[in-house]
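Asks: I am attaching a structure below and will ask some questions about it afterwards.
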Amino acid sequence: MERMFNGFTLGDLELANRFVFPPVKLGYGEPNGTVTDRQLTFYRQIARNGPGLVIIEPVSVTADGREHPKQPCVHLPESVSELRKISDVIHGEGRLACLHLNHAGAGALPKIIGGQPKAPSVMTCVAREGTVSETLTEQEIETVLEGYKSAAQKAHEAGFDVIEIQGGHGYLISQFLNSKLNKREDRYGMDRLLFPKEAISRVKAGAPDMPLILRISGNEMSPEFGVSQEDLLPLLKLAEQSGINAVHVGMGNACFSPPWYFHHTSLPDKPQMDALAWVREHTTLPLIAAGRMGRKEKVIKVLDDGITDLVALGRPLIADPDLIEKWQKGMDDQVMYCGYCLQGCLHRMKSGQPVGCNLNPAVGLPELEQTTNPMKVLIAGGGPAGMSAALYMNRCGHQVTLAEKADHLGGQFAIAWQAPGKEKMKQGLDTIERNVKTSLDSILMDRPVDAALVKEIEPDLLVWATGAIQNIPEINGLGDQHVMTSIEYFQDEKEVKGPRVLVIGAGRAGVEIAEKLGKEGYEVVATKRTDPIGSMMEMITKKLALMRIGQMEKVTLMPHTTVKEFKPDGVQIEQDGKPLSLEPFQTVILASGMLSAAGPDEEITNAVPKVEIIGDAMEVQDIFTAVHAGYNLALHY
């Protein structure tokens, strides 16, 4: 285990440990390339007692290769002074800083670059809503190559210690290398290694004394469009011959296999381990393993087995910037473990919002200040919002009592991890619950908040975080069925009778229930009055779930379908305005949306000076919103 915390030599540099922070897109910067206080706070959090090398978010070597409107810039006159702010922060924490150079090629975002993306040949980036690229001219290729040289010079001037070149994940270098995509008839098509070779050469010319890392995909996981091992092998040999100091191995293709590119929680480990083993077999260079490495036992195994030399931790350090320090001190039970669900990070980035985290609302934000007006606070409800409010209000110095009407904490979060592919989310919940129990002096279980409790505690502030309840649709004959809510299903409060199960509501919960029942062999029909199926689901989670359900012969999803009436001989439905009849079901599960639980009654509100309603009790949304509501409340007080 100690090997994780030993130093490592990269070129002529000494890393403090075997950990690396990979280039994670943040969306914290300004559109004009200006670095913000939140970026600096974020990198300070990551670097403090953190990974030996911090690779900052990607910069595009030219403006036409950008992916995100708020990513840092390296092509502007003021880029050196802006980027130096980041390197100075990282160095201030005793860690090394690396600038990640990329050009997205066909993966560039049209509305950011002001036109169609440019690529080696005409190609369609599926993940960019089918954006079709234009073919780069040789003159444009030369401009991009000079961009690599200029970016390398600026990396040196901005005080970075290392440069990483993006050579995989379906971006521009990978596109040139790819025999399935590069259909050029000039020298960049006849010799597909030429562009990668020249890009590396220009970087070395721009920063001759800086160590270099080459980032690749060990497997792009797209048989139809991804780089083959046959195409990848020459790049590995080039890396050895051209003086690259390490190879950073991720997975997937940003255009054609996003689930693997982002390492979604439900994907199996074996393809990644196989890819790492293959790269290890075909290069003598040190390797950095990236993707879902945030569990100590996995890190120890890949290091002890010699599969890798260094380990990249991205999302795990966003969830808990102190993870490495906690591991080193044996404080494993205090780690806030990332569940790799993508909901608080990627999902927000795709929506144009800055990266966040379901578990860590304080990412990139200053430490909470101690209150100058400590209050006695009573929190009603021990779900995500209530636990978050309890943790952060307590941290600010308030005297907090948490009351939960059930015999356990967690609310709906306590059952969310039971959905297929979400098992890794449980460890994060366990840590939040453990932190609440160890931080608070007063936790009342099996105790709903009523006027009597309020009068007993006499709080200065009542925080109402009682969550949501199931919406029960009015359907003729529903009361004659064997019915349960989605919450009752996940809590195993009622027995599922088969063989046929009807799920009313094919949103997030309904899709998860349909898949879980399908895996257990039930014949399932899930209806939704509107489209799309799986609304509110993170896009990659939904895509993978629908793909798995599509392979289940006994599971049927029916959008634009309303259940009208239950009769002894069947169920009357209406699909796209047409009446239909389905055979009877032995179980009906209601996943038909949630409603905010009732607010505090008049007797309660009259007994307390101030009331705050937060989380689903205020507006039904998701766990991200609930956890952040508790944190934001602490900021306010």
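Asks: Mind giving me the FRET efficiency for LEU76 and LEU365? R0 is 30 Å, r the Cβ-Cβ distance, nearest 0.05 is fine.
Replies: Step by step, r from the Cβ atoms, then E = 0.65.
Asks: Tell me which of SER79, GLN343, THR530 sits at the most positive position along the dipole axis of the chain, charges placed on C-beta atoms (Lys, Arg +1; Asp, Glu -1).
Replies: Going by the charge dipole, the pick is SER79.
Asks: Continuing with this model, one more query. Give me SER535, SER81 sorted ascending by neighbouring Cβ count inside 10 Å, so fewest comes first.
Replies: Neighbour counts put them in this order, fewest first: SER81, SER535.
Asks: When Rg is the radius of gyration of the Cα atoms in segment 40-168 and Rh is its Kirkwood radius, what does Rg/Rh come to?
Replies: Using Cα coordinates only, the ratio equals 1.02.
Asks: Same structure, new question: Provide the gained length on full extension for the span LYS329 to ASP460, in nm with one decimal, where the gain is 0.36 nm per separating residue minus the Cα-Cα distance.
Replies: Contour length minus Cα-Cα distance gives 43.3 nm.
Asks: Suppose the Debye formula is applied to equal point scatterers at every Cα of segment 2-350; what is log10 I(q)/I(0) at q = 0.07, 0.11, 0.15 Å⁻¹?
Replies: -0.25, -0.65, -1.34
Asks: Charges only on Cβ, +1 for Lys and Arg, -1 for Asp and Glu: so what's the dipole of segment 478-592 about the Cα centre, in debye to the nearest 20?
Replies: 300
Asks: Can I ask one more? Which value in nm describes the separation of the simple spin-label points at ILE300 and GLN353, placed 7 Å from the Cα toward the beta carbon?
Replies: Each label point lies 7 Å from its Cα, and together they span 3.8 nm.
Asks: Another question, then. In a solvent-free Debye calculation with one equal scatterer on each Cα, what is log10 I(q)/I(0) for segment 348-499 at q = 0.16, 0.21 Å⁻¹, listed in the order of the q values?
Replies: Normalising to I(0) and taking log10 leaves -1.01, -1.35.
Asks: If you find the alpha carbon centre of segment 427-496 and of segment 520-585, how far apart are they in angstrom?
Replies: Segment 427-496 and segment 520-585 have Cα centres spaced 28 Å from each other.
Asks: Give me a comma-separated list of calculated 3J(HN,Hα) values for segment 365-375, in order, Karplus coefficients 6.51, -1.76, 1.60 applied at θ = phi - 60°, integers in Hz, x for any Gly or Pro.
Replies: Whole-Hz 3J(HN,Hα) from phi for segment 365-375: 10, x, 4, 5, 8, 5, 5, 9, 9, x, 10.
Asks: What percentages, rounded to whole numbers, describe P(r) for the chain computed over all alpha carbon pairs with 10 Å bin width beginning at zero?
Replies: The distribution over the chain is 3, 15, 23, 23, 18, 12, 5, 1, 0, given as percents.
Asks: Compute the semi-axes of the equivalent ellipsoid of segment 559-637, taking the square root of 5 times each eigenvalue of the Cα gyration tensor, and list them largest first in whole Å.
Replies: That gives 42, 16, 10 Å for the three semi-axes.
Asks: Let me ask you something else. What does the convex hull of the Cα atoms come to per residue for segment 478-592, in Å³?
Replies: Spelled out: Cα convex hull of segment 478-592, divided by residues, is 95 Å³.
Asks: Quote the charge dipole size of the chain about the Cα centre in Debye, to the nearest 20; the model charges only the Cβ of Lys and Arg (+1) and of Asp and Glu (-1).
Replies: Result for the chain is approximately 960 debye, rounded to the nearest 20.
Asks: Quick check on packing: order 394-405, 250-261 by the mean number of other C-beta atoms within 10 Å, highest mean leading.
Replies: Per-residue mean Cβ counts within 10 Å order the peptides as 250-261, 394-405.
Asks: A further question on this structure: Students often check this: by mean Cβ neighbours within 10 Å, which of 266-278, 39-51 ranks highest, and how do the rest follow?
Replies: Ranked from most to least packed, the peptides come out as 39-51, 266-278.
Asks: Can you put HIS482, HIS248, HIS263, HIS91 in order of Cβ neighbours within 10 angstrom, beginning with the fewest?
Replies: HIS482, HIS91, HIS263, HIS248
Asks: Convert each backbone phi in segment 283-298 into a coupling constant with the Karplus relation 6.51 cos²θ - 1.76 cosθ + 1.60 (shift: θ = phi - 60°), then list the ³J(HN,Hα) values in order as whole Hz, x for Gly and Pro.
Replies: Values per residue, Gly and Pro as x: 8, 8, 6, x, 10, 10, 8, 10, x, 6, 9, x, 10, 4, 5, 6 Hz.
Asks: Taking 60 Å as R0, compute the FRET efficiency from the Cβ-Cβ separation of THR438 and GLU146 and round it to 0.05.
Replies: 0.60
Asks: Could you sort out which of LYS543/LYS578; LYS350/LYS542; LYS118/LYS180; LYS237/LYS298; LYS350/LYS528 sit more than 19 Å apart by Cα distance in this structure?
Replies: Over 19 Å Cα-Cα: LYS543/LYS578; LYS237/LYS298; LYS350/LYS528.
Asks: Projecting each Cα onto the charge dipole of segment 1-101 (Lys/Arg +1, Asp/Glu -1 at the beta carbon, about the Cα centre), which of VAL54, GLY33, GLY11 comes out farthest on the positive side?
Replies: Value computed over the given set: VAL54.
Asks: Counting pairs of alpha carbon atoms under 8 Å apart in space and at least six apart in sequence, what relative contact order in percent does segment 557-637 give?
Replies: Normalised by residue count, the contact order of segment 557-637 is 16 percent.
Asks: Now for a different question. For LEU580 and LYS610 in the same chain, what is the full-extension length gain: residue separation times 0.36 nm, less their Cα-Cα distance, in nm?
Replies: In short, 5.5 nm is gained.
Asks: Please compute P(r) over all alpha-carbon pairs of segment 166-293, binned at 10 Å starting from zero, and give each bin as a whole-number percent.
Replies: 13, 45, 33, 8, 0
Asks: Which three semi-axes in whole Å describe the equivalent ellipsoid of segment 30-107, each the square root of 5 times a Cα gyration tensor eigenvalue, listed largest first?
Replies: Sorted largest first and rounded, they come to 22, 13, 10 Å.
Asks: Give the relative contact order (percent, whole number) for the chain; include only Cα pairs under 8 Å separated by 6+ residues.
Replies: About 11 percent, as a whole number.
Asks: Okay, next question. Can you give the net charge of the other residues whose Cβ lies under 13 Å from the Cβ of ALA452, counting K and R as +1 and D and E as -1?
Replies: -3
Asks: Pairs of Cα atoms under 8 Å, at least six residues apart: use those to get the relative contact order of segment 60-207, whole percent.
Replies: Relative CO of segment 60-207 lands at 27 percent.
Asks: Rounded, prolate or oblate: which fits segment 534-601 when a ≥ b ≥ c are the square roots of the eigenvalues of the alpha-carbon gyration tensor, with rounded for a/c under 1.5 and prolate only if a/b beats b/c?
Replies: oblate
Asks: Could you tell me which residue out of VAL627, GLN491, ALA362 lies farthest along the dipole of the chain toward its positive end? Charges go on the beta carbon: Lys and Arg +1, Asp and Glu -1, centred on the Cα centre.
Replies: Checking the options against the dipole of the chain, the answer is ALA362.
Asks: If the viscosity is 1.002 mPa s and the temperature 20 °C, what translational diffusion coefficient in µm²/s does Stokes-Einstein give for segment 153-193 when Rh comes from Kirkwood over Cα pairs?
Replies: 180
Asks: If I stretch the segment between GLU565 and ARG3 completely, what's the gain in nm (0.36 nm per residue apart, minus their alpha carbon distance), one decimal?
Replies: 195.9 nm
Asks: So what's the Cα pair-distance distribution over segment 238-278, bin width 10 Å, in %?
Replies: Calculated over all Cα pairs of segment 238-278, the distribution is 26, 42, 26, 6 percent.
Asks: Per the chain: cysteines with no other Cys C-beta under 4.7 angstrom?
Replies: When partners are defined as cysteine Cβ atoms under 4.7 Å apart, the chain leaves CYS73, CYS98, CYS338, CYS341, CYS345, CYS357, CYS396 without one.
Asks: Residue by residue, what Karplus-based ³J(HN,Hα) values in Hz, rounded to whole numbers, does segment 307-312 have, using 6.51, -1.76 and 1.60 with θ = phi - 60° and x for Gly and Pro?
Replies: With coefficients 6.51, -1.76 and 1.60, one gets 6, 9, 9, 9, 10, 8 Hz.
Asks: Please report Rg over Rh for segment 291-399, where both radii come from the alpha carbon positions and Rh follows the Kirkwood definition.
Replies: Answer for segment 291-399: 1.05.
Asks: Quick check on packing: order 153-159, 468-474, 289-295 by the mean number of other C-beta atoms within 10 Å, highest mean leading.
Replies: Ranking, from highest mean packing down: 289-295, 153-159, 468-474.
Asks: Also, I was wondering about something else. Rule-of-thumb check for segment 5-73: C-alpha Rg over 2.2 N^0.38 Å?
Replies: So the Cα radius of gyration is 1.27 times the expected 2.2 N^0.38 Å.
Asks: So, counting K/R as plus one and D/E as minus one, what does the shell of residues with Cβ under 13 Å around ARG192 add up to?
Replies: -1
Asks: Moving on. Counting other beta carbons within 10 Å of each residue's own, what order do HIS169, HIS264 fall into, fewest first?
Replies: With the sparsest Cβ surroundings first, the list reads HIS264, HIS169.
Asks: Taking only DSSP H segments of four or more residues, each worth -39500 (n - 2.57), what value at 222 nm results for the chain once the sum is divided by all its residues, to the nearest 500 deg cm²/dmol?
Replies: When only DSSP H runs of four or more count, the value is -9500 deg cm²/dmol.
Read-outs throughout are calculated quantities, based only on the coordinates presented, and are distinct from any laboratory measurement. In this text the structure is predicted, and so the values were computed from the model without any measurement. Reconstructed Cβ throughout: ideal geometry from the backbone, glycine too, with neighbour counts over all protein chains shown.
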